[in-house]
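**Student:** Handing you this structure, nothing more for now.
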């Protein structure tokens with residue numbers, strides 16, 4: 001009877017923890033259901049990526065498995081975004097909601113895993129609650145493009161869960177192999193998980209108590225059983241380095257010296273520890289700054305060495321300190337900047353897994369402190385509640401800044417200096433909103449922060465192009481191309497300026513350069529050339545250069561084969577060169593593929609009218625009006641044909 005009652009209480013407590021963790025996550029993140037995409041990575045990952053926004057299909061599935069887009073290979077992440085697009089289209093709220101669901105599952109699963117490791121119910125619950133509400137984790141959850149964080153962490157925790165199941169019964173290999181498969185899926189979501197085998201060895205030492213001494217005879221069997229994990233780690237690391245090199249994400253020693261990387265790594269580790277206890281002044285992107293404060297570096301080195309020495313000193317009596325601290329240090333190694341990817345100095349999202357180690361270390365340490373001084377459980381509960389309440393409030397506020405690109409960028413600029421990337425992206429956002437004066441200020445500031453930033457010159461040029469400042473726009477596009485001769489979008493924009501200035505030949509040359517530069521990423525970036533091609537084609541039509549117009553409309557159709565406007569204009573350009581029969585065939589094929597597009601019938605009618613095929617022209621104009629009775633061009637052409 002007593003055992004049954006105990007089981008009932010345990011079950012009730014588990015349900016209470018599950019519900020509490022879900023409630024905390026929803027309190028913080030339910031607001032994101034009404035948030036938008038941001039134009040930092042969300043465009044590359046979702047709304048401007050045709051292989052994602054098109055949802056799940058055979059072509060997109062194949063792309064997800066093979067793409068090194070955004071300098072990464074993470075096919076499961078791409079498939080996850082594709083599924084979102086299939087269900088929600090480009091409704092950002094649905095994409096946000098999936099991130100939140102993953103975070104809820106991760107929070108609950110973390111509790112289950114730590115409790116299974118330690119059999120310490122309330123400590124495990126508090127570790128999971130810290131994970132659920134920590135403000136540093138907002139970036140991983142509220143940023144749609146960081147799906148890879150929440151998805152990979154799900155597989156990270158499942159890997160550990162089934163590894164634990166296997167260690168309880170080493171004769172049953174199915175959980176061992178399931179753990180390895182889940183680890184592979186995690187790596188296919190985000191390669192940051194490469195430190196998993198080392199983390200498992202740490203857990204062998206502490207909670208699983210599979211060995212007592214750190215020596216070769218003790219470690220060798222444990223390392224041997226983890227050979228499959230290490231092999232997956234090596235494969236993932238090789239693929240990732242290749243992907244990042246091919247995408248140009250890895251910074252060279254000439255760009256950022258090894259000494260600067262080491263200094264930044266030391267500072268970043270110290271800043272992450274501060275962030276764990278004091279998660280304030282958070283933003284979306286922090287620029288790498290090599291103007292180091294050497295006093296801070298010395299203090300950071302002393303602190304990190306002291307913490308490491310204390311953990312090693314306590315390795316036998318307080319194993320949790322050693323394991324928690326080295327979990328934190330080790331899981332950050334792939335992203336700490338020794339192999340520098342991008343130009344950021346650190347990132348909130350990198351704490352999503354690494355802070356689990358710090359949470360374990362400090363929760364167990366303070367629990368020991370409370371037990372030693374025999375504090376009342378109500379006092380302990382009150383302290384925990386205050387911490388969770390404070391972090392929840394901070395996380396809720398930090399999440400609110402992710403509502404739009406503008407809100408998160410303004411917040412980030414308030415807490416960071418010389419943030420050229422954020423200023424550039426804010427300029428781009430304001431340009432799309434036609435707030436051109438504000439956009440000009442942000443682009444100017446971005447260029448002032450980094451005069452060698454080709455992207456900022458290109459963005460500034462798009463603002464000036466919209467203001468019809470063609471000379472100024474051309475100057476900025478020229479600077480962008482000078483800094484980066486293979487900058488596809490800048491070359492396309494330069495062609496648009498030249499088109500508007502009447503320089504069709506110059507536009508043609510730059511568009512050809514853009515295509516040549518885009519050969520390795522044809523199926524993504526090439527879509528950005530469509531507007532440039534169509535602009536040049538339309539300008540050529542106006543100048544009665546029908547042959548050139550034909551060429552550019554054909555190139556536009558290579559990029560967007562289903563664009564009926566391009567087909568219609570191509571047919572018209574061919575007709576005006578005396579190739580009417582070919583033009584009519586194009587229009588007839590367009591009608592077969594989409595019989596409800598009145599402009600096609602109207603264009604076909606015009607060609608028939610010019611060939612004195614009066615009755616056929618009338619029929620086409622009438623068909624256009626049947627589809628759209630208010631289509632004025634067809635009505636005017638019909639009246640003219642019937643006179």
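**Student:** For helix 614-627, report the angle its Cα long axis makes with the longest principal axis of the Cα atoms of the chain; keep it between 0 and 90° and round to the nearest 10°.
**Tutor:** 30 degrees
**Student:** Grab the beta carbon distance between residue 393 and residue 585, set R0 = 51 Å, and tell me the FRET efficiency rounded to 0.05.
**Tutor:** 0.15
**Student:** Still on this structure: In nm, give the distance between the simple-model label positions of residue 222 and residue 7, each being 7 Å from the Cα along the Cα-to-Cβ direction.
**Tutor:** 3.4 nm
**Student:** With runs of 4+ DSSP H residues as the only contributors, calculate the mean residue ellipticity of the chain at 222 nm using -39,500 (n - 2.57) per run, divided by the residue total and rounded to the nearest 500. Could the numbers behind the result be given before it?
**Tutor:** Numbers: 32 runs with 463 residues, N = 643.
Mean residue ellipticity, 222 nm, calculated: -23500 deg cm²/dmol.
**Student:** From the square roots a ≥ b ≥ c of the eigenvalues of the alpha-carbon gyration tensor of region 67-110, which class results: rounded (a/c under 1.5), prolate (a/b over b/c), or oblate?
**Tutor:** oblate
**Student:** Sticking with this one: Over every pair of different alpha-carbon atoms in region 14-57, take the mean of 1/r and invert it; report that Kirkwood radius in Å.
**Tutor:** With all distinct Cα pairs of region 14-57 included, I get 13.0 Å.
**Student:** Dimensions of region 407-577 along principal axes (Cα, Å, largest first)?
**Tutor:** Principal axes ranked by extent give 59, 30, 28 Å for the Cα atoms.
**Student:** Using the number of other C-beta atoms within 10 angstrom as an exposure proxy, rank 588, 225, 550 with the fewest first.
**Tutor:** Listing 588, 225, 550 from fewest to most nearby Cβ atoms yields 588, 225, 550.
**Student:** Using only Cα atoms, find the angle between the long axis of helix 351-372 and the longest principal axis of the chain, and express it within 0 to 90 degrees, rounded to the nearest 10.
**Tutor:** Orientation of helix 351-372: about 20 degrees from the principal axis.
**Student:** Expressed as a fraction of 2.2 N^0.38 Å, the rule-of-thumb size for a compact globular protein of N residues, what is the C-alpha radius of gyration of region 512-643?
**Tutor:** Taking N as the residue count of region 512-643, the ratio is 1.14.
**Student:** In square nanometres and to one decimal, what's the mean projected area of the convex hull around the Cα atoms of region 578-643?
**Tutor:** Directional mean of the projected Cα hull area for region 578-643 stands at 4.0 nm².
**Student:** Calculate how steeply helix 504-517 sits against the longest principal axis of the alpha-carbon atoms of the chain, using the helix alpha-carbon long axis, and give the answer as 0 to 90 degrees to the nearest 10.
**Tutor:** Roughly 30 degrees between the two axes.
**Student:** A further question follows. Length gain on complete extension for the stretch residue 259 to residue 119, per 0.36 nm per residue less the alpha carbon to alpha carbon distance?
**Tutor:** Result: 46.0 nm gained on full extension.
**Student:** Let me ask another. Roughly what would the spin-label model give for residue 299 and residue 246, points 7 Å off Cα along C-beta, in nm?
**Tutor:** The answer from the label model is 4.5 nm.
**Student:** Among rounded, prolate and oblate, which fits region 214-334 when a ≥ b ≥ c are the square roots of the eigenvalues of its C-alpha gyration tensor, a/c under 1.5 means rounded, and a/b larger than b/c means prolate?
**Tutor:** oblate
**Student:** What ratio of Cα Rg to 2.2 N^0.38 Å holds for region 135-209?
**Tutor:** It is 1.20.
**Student:** Please compute, for the alpha-carbon atoms of region 1-132, the extent along each of the three principal axes and give them in descending order in Å.
**Tutor:** 60, 30, 24 Å, listed from the longest principal axis down.
**Student:** While we're on this one: Expressed in nm², what is the orientationally averaged projection area of the convex hull enclosing the Cα positions of region 549-613?
**Tutor:** Working: hull surface 15.7 nm².
In nm², the orientation-averaged hull projection of region 549-613 is 3.9.
**Student:** Another question about this same structure. How long is the gain from residue 306 to residue 169 if the chain were fully straight, where each residue apart is worth 0.36 nm and the alpha carbon distance is subtracted? Mind showing how you got there, number by number?
**Tutor:** Working: separation 137, 0.36 × 137 = 49.32 nm, distance 3.86 nm.
This chain segment gains 45.5 nm when fully extended.
**Student:** Classify region 444-486: rounded, prolate or oblate, from the alpha-carbon gyration tensor (a ≥ b ≥ c, eigenvalue square roots; a/c under 1.5 rounded; otherwise prolate if a/b is larger than b/c)? Present the calculation step by step, with values, prior to reporting the outcome.
**Tutor:** Working: a/c = 2.41, a/b = 1.32, b/c = 1.83.
Oblate shape, in that a/c is at least 1.5 and b/c is the bigger or equal ratio.
**Student:** Further, regarding this structure: Using only the Cα atoms of region 345-454, construct the convex hull and provide its projected area averaged over every direction, in square nanometres to one decimal.
**Tutor:** In nm², the orientation-averaged hull projection of region 345-454 is 9.4.
**Student:** Follow-up. Stretch residue 66-residue 212 to full length: gain in nm at 0.36 nm per residue minus the Cα-Cα span?
**Tutor:** So the chain would gain 48.2 nm between residue 66 and residue 212.
**Student:** Mind sorting 275, 642, 196, 574 by how few other Cβ atoms lie within 10 Å of their own Cβ, fewest first?
**Tutor:** 642, 275, 574, 196
**Student:** Another question, then. If you rank 402, 63, 122 by fewest surrounding Cβ atoms within 10 Å, what's the result?
**Tutor:** Fewest to most other Cβ atoms nearby, the residues stand as 122, 63, 402.
**Student:** Here is a follow-up. With all pairs of different alpha carbon atoms counted, what Kirkwood hydrodynamic radius in Å does region 6-406 show?
**Tutor:** With all distinct Cα pairs of region 6-406 included, I get 22.1 Å.
**Student:** Ordered by packing density, taken as the mean number of other Cβ atoms within 10 Å over each peptide's residues, highest first, how do 381-393, 290-302 rank? Display every interim value, and only then the final one.
**Tutor:** On the way: 381-393: 14.4, 290-302: 12.5.
My ranking of the peptides, most packed first, is 381-393, 290-302.
Each value in this text was obtained by applying a stated rule to the coordinates, not by laboratory testing. Only a predicted model underlies this, so the values are computations on that prediction, with no experimental measurement involved. All Cβ positions, even for glycine, are placed from backbone atoms using ideal geometry, and neighbour counts span all protein chains on display.
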